[in-house]
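Right, one structure below, let's go through it.
What follows is calculated from the coordinates using simple rules that are stated; it is not laboratory data. Keep in mind it's a predicted model, so treat the numbers as computed, not measured. Here Cβ is always computed from backbone atoms with ideal geometry, including for glycine, and neighbour counts include all displayed protein chains.
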């Protein structure tokens, strides 16, 4: 299984929504964390589930934690991130 990796580019701390830029696709994955307190712009996230939606395990390679997150969408253009949050 191919591992996907991306950089956190947008965070809405009120809704705990995060936009992760995936360079290979030139698009974002949008996910919801249980809390947005331990994530920052520039953090690198990795996941094994490719483009699966719903609850998935994501790894913050920058901070060293793994958490189950709710994946809301994949393939989101930068211009549409605000709509997703």
Look at residue 52 and say whether it is surrounded by fewer than 18 Cβ atoms within 10 Å (Cβ to Cβ) and within 9 Å of the chain's Cα centre (by Cα). no
Residue within region 63-75 that is without any contact (Cβ under 8 Å) to a residue 60 or more places away in the chain, touching a helix residue (DSSP H, G or I) at 6+ places or on another chain (Cβ under 9 Å), farther than 14 Å from residue 9 by Cα and part of a strand (DSSP E or B) present: yes
Hits in region 23-41 - residues which are out of contact with any helix residue (DSSP H, G or I) (no Cβ under 9 Å at 6 or more places or on another chain), crowded, with 18+ Cβ neighbours inside 10 Å and more than 14 Å from residue 56 (Cβ to Cβ): 39
Among the residues of region 13-22, how many are crowded, with 16+ Cβ neighbours inside 10 Å and either part of a strand (DSSP E or B) or free of Cβ contacts under 8 Å to residues at least 12 places away in the same chain (or both)? 6
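Is there a residue being within 13 Å of residue 6 (Cα to Cα) and touching a strand residue (DSSP E or B) at 6+ places or on another chain (Cβ under 8 Å) anywhere in region 67-74?
Initially, region 67-74 is screened for residues within 13 Å of residue 6 (Cα to Cα), giving 74.
Going one step further and asking which of them are touching a strand residue (DSSP E or B) at 6+ places or on another chain (Cβ under 8 Å), we end up with 74.
Yes, region 67-74 contains a residue that is within 13 Å of residue 6 (Cα to Cα) and touching a strand residue (DSSP E or B) at 6+ places or on another chain (Cβ under 8 Å).
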